[in-house]
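Below is one structure; the comments refer to it alone.
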Amino acid sequence: MNYDNILTAEHGDGTLRTGVITLHRPKQLNALDDALMDDLGAALRAYDADEGIGCVVVTGSEKAFAAGADIAAMAPLTLKETYGGDFITRNWETLRVIRKPVIAAVAGFALGGGCELAMMCDFIIAADNAKFGQPEIKLGIIPGAGGTQRLPRAVGKAKAMDMVLTARTMDAVEAERCGLVSRVVAPGQLMNEALAAAAAICALSLPSILMAKESVNRAFEGSLAEGIRFERRLFHTLFATHDQKEGMAAFLAKRKPVFEHR
Ligand code: CAA
């Protein structure tokens, strides 16, 4: 597939490979408009459906992961167009329904919708020049793609309120310290690190990876008791897979497992 606002490439040489999606509106610092979000959604759905893909990495440029929703496109919108047209909901939330792991590899600005997009991914690996923020308040609006909900879950209420109310940015070191990102590396190492994490995921059994992702996400919805029950049932279910028999037999025989993703 060819897209106008993103680049796609596949990496790896195992049975399962990694799909890399690069946001590509360099002149606008990857500002997220409808055309880009439509392209991103289509590429994510294509990789999710592709049996040869085990993990997806979403990235931007060294200067900007994404500087937010496109302000020029948003400026003239009316209530009829935002509420009536289901702005954001209509084409930003594909990431929520993607079943394979999605890693955000973030360098430079991840502001507003860019920060929200990164937080929709399963985890974030950041370059040490990354800057996270929710500066929407300076535009007379509030975050509209989950920022007021996912940011407090990631960094706690105090830091989330500080960022959302004052529009201050958080650098990569602070973001790692307070749990927004999982790893920080030098900008030149960002893609190597993200691709290595993705390759580690691709080498494992896909059914257990999908269930692990689904189960961790349950921790953010519903009660602890329901989450534990959900996890327990998925855990039980994995004993019906070939890969559970293979993984445990390989451990006991002190050899590498050969997963067949079934
Ligand atoms: N939308 C549209 N265009 C944007 C943009 C955005 N979010 N961010 C940057 N650009 C454009 C600039 O207008 C500029 O275009 P021109 O060259 O045509 O003038 C180009 O990208 C380069 O930007 P700057 O010259 O401003 O670059 P800089 O290095 O001086 O500053 C920046 C970088 C601090 C990121 C600054 O561009 C900025 O503050 N951008 C806006 C950030 C923001 O407010 N994001 C939140 C948007 S609202 C939102 O996301 C709502 C939601 O929750 C869904």
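The values are calculated or read from the model by the stated rules, or taken from the named source; none is laboratory data. Source: prediction; values computed, not measured. As a convention, Cβ positions derive from the backbone with ideal geometry for all residues, glycine included, and neighbour counts pool all protein chains shown. Heads up: the accessible areas ignore ligands, DNA and RNA and are worked out on the full protein's heavy atoms, side chains in. Shrake-Rupley method; radii C 1.70, N 1.55, O 1.52, S 1.80 Å.
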Review point. All but one of (1) away from the ligand (no atom under 11 Å from the Cβ); (2) closer than 15 Å to VAL102 by Cβ hold for GLY156; which doesn't?
Key: (2)
Exercise for review: Just name the residue that is most open to solvent (accessible area, probe 1.4 Å) out of those in segment 119-144 that are more than 8 Å from the ligand (Cβ to nearest atom) and in a helix (DSSP H, G or I).
Suggested key: ILE137
Study note, to complete from the structure: Per the filter on segment 97-116, residues within 13 Å of the ligand (Cβ to nearest atom), outside any loop (DSSP other than H, G, I, E, B) and open to solvent by less than 10 Å² (accessible area, probe 1.4 Å) are ALA110, GLY113, GLY114, CYS115, GLU116
Practice item. Sort through ARG218, ARG168, ARG232, ARG177 and tell me the only one that's of a type in the set (Lys, Arg) and more than 23 Å from MET120 (Cβ to Cβ). Key: ARG232
**Study point:** Output for segment 78-94, where each listed residue is touching a helix residue (DSSP H, G or I) at 6+ places or on another chain (Cβ under 9 Å), hydroxyl-bearing (Ser, Thr, Tyr) and part of a loop (DSSP other than H, G, I, E, B)
**Key:** THR78
Practice item. Report, ordered by the first and then the second residue, all pairs with beta carbons closer than 8 Å, sequence separation of six or more or different chains, a first member in segment 43-68 that is within 20 Å of GLN189 (Cβ to Cβ) and in a loop (DSSP other than H, G, I, E, B), and a second member that is within 16 Å of the ligand (Cβ to nearest atom) and β-branched (Val, Ile, Thr). Key: GLY60/VAL106
Review point. Do we find that LEU79 is within 12 Å of GLY114 (Cβ to Cβ) and either out of contact with any strand residue (DSSP E or B) (no Cβ under 6 Å at 6 or more places or on another chain) or within 16 Å of the ligand (Cβ to nearest atom) (or both) in this structure?
Key: no
Exercise for review: Pull up segment 191-234, narrow it to residues that are among the polar types (S, T, N, Q) and out of contact with any Phe, Trp or Tyr (no Cβ under 7 Å at 6 or more places or on another chain), then point me to the one that is farthest from SER61 (Cα to Cα).
Suggested key: SER223
Study note, to complete from the structure: Within segment 13-40, of all residues that are open to solvent by 50 Å² or more (accessible area, probe 1.4 Å) and away from the ligand (no atom under 16 Å from the Cβ), the one nearest to PHE65 (Cα to Cα) is ARG17
Review point. From the set of residues in segment 41-80 that are hydroxyl-bearing (Ser, Thr, Tyr) and buried (at least 20 other Cβ atoms within 10 Å of the Cβ), which is nearest to GLU136 (Cα to Cα)?
Key: THR59
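Restricting attention to segment 89-96, does a residue exist that is more than 8 Å from the ligand (Cβ to nearest atom), of a type in the set (A, V, I, L, M) and closer than 30 Å to SER208 by Cβ?
Looking through segment 89-96, at least one residue is more than 8 Å from the ligand (Cβ to nearest atom), of a type in the set (A, V, I, L, M) and closer than 30 Å to SER208 by Cβ.
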Check your understanding: How do the helices (runs of 4 or more DSSP H) wholly within segment 163-249 filter down when requiring 1 or more residues that are β-branched (Val, Ile, Thr), surrounded by 14 or more Cβ atoms within 10 Å (Cβ to Cβ) and in contact (Cβ under 8 Å) with a residue 24 or more places away in the chain: which remain?
Key -> 190-202, 206-218
Study note, to complete from the structure: Just one listed residue, out of VAL57, VAL97, is touching a helix residue (DSSP H, G or I) at 6+ places or on another chain (Cβ under 7 Å) and β-branched (Val, Ile, Thr), and it is VAL57
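Would it be correct to say that ILE141 is modelled with pLDDT of 95 or more and either among the hydroxyl-bearing types (Ser, Thr, Tyr) or out of contact with any Ser or Thr (no Cβ under 7 Å at 6 or more places or on another chain) (or both)? Don't jump to the end; show me each part of the working.
On the way: modelled with pLDDT of 95 or more: yes; either among the hydroxyl-bearing types (Ser, Thr, Tyr) or out of contact with any Ser or Thr (no Cβ under 7 Å at 6 or more places or on another chain) (or both): yes.
Yes; evaluated as a whole, the condition is true for this residue.
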Practice item. Output the qualifying pairs, or none if there are none: Cβ atoms under 7 angstrom, residues six or more apart or on different chains, first residue in segment 19-40 and at positive phi, second residue assigned to a strand (DSSP E or B) and surrounded by 23 or more Cβ atoms within 10 Å (Cβ to Cβ). Key: LEU29/ALA64; LEU29/PHE109; ASN30/LEU23; ASN30/ALA64; ASN30/PHE65; ASN30/ALA66
